[in-house]
Amino acid sequence: MRWLLLAVMMTSLGFQSAAAEGREVDVKKLVDSFNAIEEGTPSEPYDSNGDGKADLREKQDEDGNKIMEMIDFNHDGVMDDFYYFTDGIITLRKIDSNFDQKIDVWVYIKEGKYIEKYERDMDYDGNVDQVKVFGEEG
Ligand SMILES: [Ca+2]
Ligand SMILES: [Ca+2]
Ligand SMILES: [Ca+2]
């Protein structure tokens, strides 16, 4: 009984510190992966409406897997819709909905199709004002 209690205590302590460290590592990892995506080699830009401005770009990792797709939705020459992929599955979409070159919508996507959470910067000051988390159903 004593051993069990000790084991449980150690385990829960271990979990606590692991969780605390895990959060820091995860944030760093996230930032690193975003940096890697930003620095990734862009493939040939694609000009869908033939106005000489690329409106679709893809970035791939060294294995040729798509990690990011960018779209210039309003054809002003500036990308405003960003799709991030993990293992070929979309996980995050970032949108500059008012075309001021600052992201104001973040959509977190689960299993490539379910919206898990979205965040919105309603007044376009760079700070998130609205967070909506969706339930697990269905
Ligand atoms: Ca644009
Ligand atoms: Ca914006
Ligand atoms: Ca805001």
Matching residues, the stretch 64-82, being without any contact (Cβ under 8 Å) to a residue 24 or more places away in the chain, within 12 Å of ligand 1 (Cβ to nearest atom) and touching a Phe, Trp or Tyr at 6+ places or on another chain (Cβ under 6 Å)
M70, D80, D81
Residue ID - nearest to K66 (Cα to Cα), chosen from residues in the stretch 76-92 that are assigned to a strand (DSSP E or B) and more than 14 Å from ligand 2 (Cβ to nearest atom):
F85
Any chance V107 is away from ligand 2 (no atom under 12 Å from the Cβ), surrounded by 17 or more Cβ atoms within 10 Å (Cβ to Cβ) and either more than 28 Å from G52 (Cα to Cα) or of a type in the set (K, R) (or both)
yes
Return the total of residues in the stretch 66-99 being under 14 Å from the mean Cα position of the chain (by Cα) and of a type in the set (F, W, Y).
4
Output for the stretch 83-99, where each listed residue is away from ligand 1 (no atom under 11 Å from the Cβ), free of Cβ contacts under 8 Å to residues at least 40 places away in the same chain and aromatic (F, W, Y)
Y83, F85
In the stretch 73-98, which residue that is within 16 Å of ligand 3 (Cβ to nearest atom) and of a type outside the set (K, R) is farthest from V131 (Cα to Cα)?
N98
Scan the stretch 100-138 residue by residue and report those that are closer than 21 Å to I67 by Cβ, within 16 Å of ligand 1 (Cβ to nearest atom) and not in a strand (DSSP E or B).
I103
Verdict on E58 being away from ligand 1 (no atom under 13 Å from the Cβ) and under 14 Å from the mean Cα position of the chain (by Cα)
no
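A short reminder: the numbers here are calculations on the coordinates, not readings from a lab. Computed from a prediction, not measured in an experiment: that's the story for all the values here. Cβ: placed from backbone, ideal geometry, glycine included. Neighbour counts: every protein chain shown.
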